[in-house]
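Data first, discussion second: the structure below is written as structure tokens.
The values are calculated or read from the model by the stated rules, or taken from the named source; none is laboratory data. Since we're looking at a predicted model, the values are computed, not measured. Note: ideal-geometry Cβ built from the backbone for every residue, glycine included; neighbour counts use all protein chains shown.
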Amino acid sequence: MTVTDVHKDPTALTMTVASEWNAPIARVWQLWADPRKLERWWGPPTYPATVVEHDLRPGGKVSYFMTSPDGEQYHGWWKVVAVEEPHRLDLEDGFADTEGNPIDTMPTMQSTVTFDELPTGATRMLIETRFPSVEAMDQMIQMGMEEGLTSAMGQIGAILATA
């Protein structure tokens, strides 16, 4: 299984990516909770991620960078707002410079990741991103956020098959 739907709502300023995985909820949760598993899928296949800091507790921080095919690094961060293991993560999400400092000229987004165990034993994962403005939403979509996230998530099935 993989991404089943991407819904963009410019009125609500959201983009929601729905996916279903043939694995129990605890294993799908580990894709976020284990930094080594997160590294294996968070970046698109040609932009692998390296997790630098991983504190998945309320008030904690996750910092990472993705490396392009030509070696250029793109840094990002999450501030962990809330954690309800294994059902929900609330994150503040932004871009960073090479020192890990937030880049003020780039939008900061709010993301909610929810996990629901289905009657079949599979798990539905929803990633809802809320943008601060239509302009920020357009900017992120033009930068390839939808394609990047869906291609990154395309790597999850192989991780779950070997977990």
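Looking at Pro107, Pro86, can you tell me which residue is touching a helix residue (DSSP H, G or I) at 6+ places or on another chain (Cβ under 6 Å) and under 19 Å from Tyr64 (Cβ atoms)?
Pro107
Out of all the residues in the stretch 25-70, which are buried (at least 17 other Cβ atoms within 10 Å of the Cβ), in contact with a strand residue (DSSP E or B) (Cβ under 7 Å, 6 or more places away or on another chain) and part of a loop (DSSP other than H, G, I, E, B)?
Correct list: Trp42, Gly43, Tyr47, Pro48, Leu56.
Every residue in the stretch 26-62 that is polar (S, T, N, Q) and modelled with pLDDT of 95 or more, please.
Gln30, Thr50
Yes or no: Val6 within 23 Å of Met143 (Cβ to Cβ) and surrounded by 14 or more Cβ atoms within 10 Å (Cβ to Cβ)?
Yes.
Filter the stretch 107-135 for residues that are closer than 20 Å to Gly76 by Cα and either within 17 Å of the chain's Cα centre (by Cα) or in a strand (DSSP E or B) (or both) and give the result.
Correct list: Pro107, Thr108, Met109, Gln110, Ser111, Thr112, Val113, Ile127, Glu128, Thr129, Arg130, Phe131.
Could you tell me whether any residue of the stretch 82-89 is more than 23 Å from Arg124 (Cα to Cα), part of a strand (DSSP E or B) and at pLDDT 95 or above?
Looking for residues that are more than 23 Å from Arg124 (Cα to Cα), part of a strand (DSSP E or B) and at pLDDT 95 or above, one finds none in the stretch 82-89, hence no.
Kindly list the number of the only condition in (1) farther than 24 Å from Glu147 by Cβ; (2) in contact with a Ser or Thr (Cβ under 8 Å, 6 or more places away or on another chain) that fails for Leu89.
Result: Leu89 fails condition (1) only.
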